[in-house]
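The values are calculated or read from the model by the stated rules, or taken from the named source; none is laboratory data. Note that this is a predicted model, so its numbers are computed, not measured. Don't worry about glycine lacking a Cβ; one is built from the backbone with ideal geometry, like all the others, and counts go over all protein chains shown.
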Amino acid sequence: MTESTVPQVSSTLSAADTIARWKLRWRISRDGAAVSPGLFRIGEPSAESPVIVTCNYRMTFDLVRRDLGGLDVWLLVLDTRGVNVWCAAGKGTFSSRELMLRAALTGLERYVSHRTLVLPQLGATGVSAADVRATSGWRVVFGPVRSRDLKAFLAAGMKATPAMRAVTFTFAERMAVVPVELVGAFVGWFALIPFALLGIGALVSWGGAAALIAQPLAAYLAGVIGGGVLVPALLPWLPGRALSLKGAEAGVIAGLLAGLVLSAPPLMIAADTLLAGAVASYIGVNFTGTTPYTSPSGVEKELRVALPLMGAASVLAGVLWVVQAFGG
């Protein structure tokens with residue numbers, strides 16, 4: 001079996017690649033989130049060329065192959081169900097089992113003369129290097145956090161500098177994940193507005209229905225802005241470590257401001273603040289997969305406390321709106 005039987009992928013991203021990545025960023029379509037797992041060639045690798053391992057999430061796959069441009073390497077893509085390395089490692093799809101299975105299915109050992117696999121550092125929680133070595137004979141080396149450091153890492157004899165190991169979440173990196181959260185929050189719930197109008201309109205009137213849902217809608221929008229924009233923007237400065245708490249804080253601020261701007265009565269301001277806080281808290285937790293602030297197990301524990309509080313705040317907000325609207 002020769003190298004030519006292995007598909008070759010370009011390290012140059014096309015306009016179609018850019019559009020596909022943009023669509024994923026804005027959650028327009030998840031159909032193209034996954035690429036086919038398997039073994040690929042970048043350049044013209046030989047039996048001595050390094051083997052780089054990544055996930056089959058489209059955005060990650062594209063960035064890795066782009067950053068390996070100019071090198072001759074093998075690219076082993078694991079089946080992570082179209083999920084990024086960080087989340088897939090936490091969910092168990094970027095795992096020791098999948099790594100060994102994919103190496104076996106692709107016949108990797110027939111193409112390389114060494115037994116070394118270079119994995120992304122963020123996949124370390126899902127892969128046991130000792131188990132992989134003992135079971136399959138493959139040696140696992142954890143590379144840098146960012147794919148852009150791969151060339152320097154390989155040139156240094158697979159030695160990482162402290163900077164390559166540092167996990168960052170800068171302002172630009174945080175704001176890059178805003179679009180997908182905003183789109184998800186808007187599309188999912190705004191579809192319910194016509195049904196709310198129909199239901200309330202049957203009891204009162206169309207004008208009355210619109211007036212009744214205007215305030216909750218404003219509070220919801222405030223929560224979306226609080227959780228989807230203020231949380232990532234102000235993440236290092238919001239008190240506490242739990243993302244649900246940070247989201248609640250941002251939502252309370254946004255909801256209070258919304259109520260004051262709309263000159264709402266005190267009960268409605270309180271309701272706005274409660275709902276916005278609950279919505280922002282829920283959205284804030286969604287940043288777990290993109291931030292080093294928390295871990296999947298930590299979030300599971302956090303949500304056992306946070307979800308009931310979000311629900312209670314939402315219900316209380318509804319009660320306050322009803323009292324204000326129908327109680328004079």
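Being in a strand (DSSP E or B) and in contact (Cβ under 8 Å) with a residue 60 or more places away in the chain is the filter; apply it to region 74-90 and report the residue that is nearest to Asp17 (Cα to Cα).
Leu75
Checking the conditions here, which among Ser128, Ser113 is under 28 Å from the mean Cα position of the chain (by Cα) and of a type in the set (Ser, Thr, Tyr)?
Ser128
Using beta carbons and a limit of 6 Å, which pairs, at least six apart or on different chains, have the first residue in region 50-66 and assigned by TED's automatic domain parsing to the domain that holds Ala152 and closer than 12 Å to Arg146 by Cα and the second one part of a helix (DSSP H, G or I) and among the aliphatic types (A, V, I, L, M)?
Thr54/Val64
Would a scan of region 24-33 turn up a residue that is at pLDDT 85 or above, surrounded by 12 or more Cβ atoms within 10 Å (Cβ to Cβ), touching a helix residue (DSSP H, G or I) at 6+ places or on another chain (Cβ under 6 Å) and not small (Gly, Ala, Ser)?
The answer is no; no qualifying residue exists.
With respect to Leu99, is the statement that it is more than 23 Å from Met175 (Cα to Cα), in contact with a Phe, Trp or Tyr (Cβ under 9 Å, 6 or more places away or on another chain), assigned to a strand (DSSP E or B) and not assigned by TED's automatic domain parsing to the domain that holds Met175 true?
No; evaluated as a whole, the condition is false for this residue.
Here is a list of conditions, (1) touching an Asp or Glu at 6+ places or on another chain (Cβ under 7 Å); (2) part of a loop (DSSP other than H, G, I, E, B), and Gly70 meets all of them except one; can you say which number that is?
Every condition holds for Gly70 apart from (1).
What about Leu39, is it of a type in the set (A, V, I, L, M, F, W, C), part of a loop (DSSP other than H, G, I, E, B), touching a residue at least 40 places away in the same chain (Cβ under 8 Å) and surrounded by fewer than 22 Cβ atoms within 10 Å (Cβ to Cβ)?
Criteria not met by Leu39.
Go through Thr135, Thr125, Thr116, Thr170 for me and flag whichever is farther than 30 Å from Tyr220 by Cβ and at pLDDT below 95.
Within the list Thr135, Thr125, Thr116, Thr170, the selection yields Thr125.
Residue under question is Ala258, and the condition is that it be part of a helix (DSSP H, G or I), modelled with pLDDT of 85 or more, small (Gly, Ala, Ser) and within 17 Å of Ala312 (Cβ to Cβ); does it hold?
no
Filter region 101-120 down to residues that are surrounded by 16 or more Cβ atoms within 10 Å (Cβ to Cβ) and farther than 23 Å from Phe153 by Cα, then give me how many there are.
Residues that pass the stated criteria total 2.
Checking Glu98 against (1) under 26 Å from the mean Cα position of the chain (by Cα); (2) crowded, with 17+ Cβ neighbours inside 10 Å; (3) touching a residue at least 60 places away in the same chain (Cβ under 8 Å); (4) over 16 Å from Pro7 (Cβ atoms): exactly one of these is not met. Which one?
Of everything listed in (1) under 26 Å from the mean Cα position of the chain (by Cα); (2) crowded, with 17+ Cβ neighbours inside 10 Å; (3) touching a residue at least 60 places away in the same chain (Cβ under 8 Å); (4) over 16 Å from Pro7 (Cβ atoms), Glu98 misses just condition (3).
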